[in-house]
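Remarks on the structure that follows.
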Amino acid sequence: MSLSPQEMDLFRHNGFIRLPTRHPNDRVEALKSAALKDIEDVVEPVSRRLDGHVHRLSELWDRGGVFRETIQSDEILDPLESLLGPNIEFQLNRHNHFYLREKGSTASLEFHRDVGQWSRTIVTVLIYLEDTNLENGCTRLVPGSHLVPSMTAPEGKEIGPTQAVPVPMEAGGMIAMDGMVLHAAGENRTDQTRMSITLGYHSVDEFARSEEKRRVLVRGERTYRGNDRGRLGL
Ligand SMILES: O=C(O)CCC(=O)C(=O)O
Ligand SMILES: [Fe+2]
């Protein structure tokens, strides 16, 4: 399912959009089970909270199985094709992680941008494995903030809490966001978990020649359009 022209415009204007697609329930359940098992078995690389509990699983792509299936799924890549074109790479060294947020979790509560420069931003895809709402800390985003080039961290911290809008989501639902948008996770004030996955995608870099090891092609092909193509015999 591709995005409508209106949805594409809104993504460019606001810097984010709720995707019209969602992951089927059986995949959401499989993702939760696989993640909880990797937490229980402490399958590295992981990050821990101060109290020692594992709250983040990194390198989802390398974990394979349902994680890799999800990263390459049509539910993500079909709408992303409307934003990024037919040739899409998945970024291995940004995001590519699962988060378990509980009461007292502090991860990503501070307003931030996922990338620093507008000329090479990414599309961040947030997948919610449980319903998120105001109580358990749905994502908060500042619409249009991707267009403010000079917003450094202190300014962002000031404007985030006053200007962000909370975006409640259902389990299996997704937000696609320009990585320059100022955003934060909300605080989980419930006794339940709040599980989510964060992924990053690029369009293929048309001026990069060699295969970049920290990105994998998930749709289309690597095209090269550098103006030295003739000299290189390409
Ligand atoms: O889960 C969220 O609401 C936000 C996560 C986030 O900002 C991140 O992983 O960079
Ligand atoms: Fe983020």
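Can you tell me the 0 to 90 degree angle between the C-alpha axis of helix 153-163 and the longest principal axis of the chain, rounded to 10? Rounded to the nearest ten degrees, it is 60. Exposed loop sites, defined as trypsin sites (Lys or Arg not before Pro) outside DSSP H, G, I, E and B with at most 12 other Cβ atoms within 10 Å, are absent from the longest region of the chain, namely 1-188. Simple rule: put +1 on each Lys or Arg Cβ and -1 on each Asp or Glu Cβ in the range 151-234, find the dipole, and look at Pro166, Ala176, Leu234; the Cα lying farthest toward the positive end is Leu234.
The lysine pair tally for the chain, using Cα distances under 29 Å and a gap of 8 or more places or different chains, is 5. When the Cα positions of Ile39, Thr121, Met8 are compared along the charge dipole of the chain, Thr121 comes out farthest toward the positive end, with charges on each C-beta of Lys, Arg, Asp and Glu. Each Cα pair under 8 Å and six or more residues apart adds its separation to the average, and for the chain the resulting relative contact order is 29 percent.
Which value in deg cm²/dmol, rounded to the nearest 500, describes the helix-derived mean residue ellipticity at 222 nm for the chain, given -39,500 (n - 2.57) per DSSP H run of n ≥ 4 and division by the residue count?
Rounded to the nearest 500, it is -7500 deg cm²/dmol.
Charged side chains reduced to their Cβ positions (Lys and Arg at +1, Asp and Glu at -1) give the chain a dipole of some 600 debye around its Cα centre. The radius of gyration of the Cα set in the range 85-204, together with its Dmax, comes out at 14.1, 42 angstrom. What is the helix-to-structure angle for 5-14, meaning the angle in degrees between its Cα long axis and the longest Cα principal axis of the chain, kept from 0 to 90 and rounded to the nearest 10? Roughly 70 degrees, rounded to the nearest 10. In square nanometres, what is the average projected area of the Cα convex hull of the range 5-203? Value for the range 5-203: 10.7 nm².
Across the range 1-60, C-alpha contacts under 8 Å between residues 6 or more apart give a mean separation that, scaled by the residue count, equals a relative contact order of 20 percent.
Computed over protein heavy atoms with a 1.4 Å probe, the accessible surface of the chain works out to 51 Å² per residue.
The values are calculated or read from the model by the stated rules, or taken from the named source; none is laboratory data. Remember, predicted model here, so these are calculated numbers, not experimental data. Positions of Cβ are generated from backbone atoms using ideal geometry, with glycine treated the same way; all protein chains shown enter the neighbour counts. Protein only, heavy atoms only, side chains kept; ligands, DNA and RNA dropped before computing areas. Shrake-Rupley method; radii C 1.70, N 1.55, O 1.52, S 1.80 Å.
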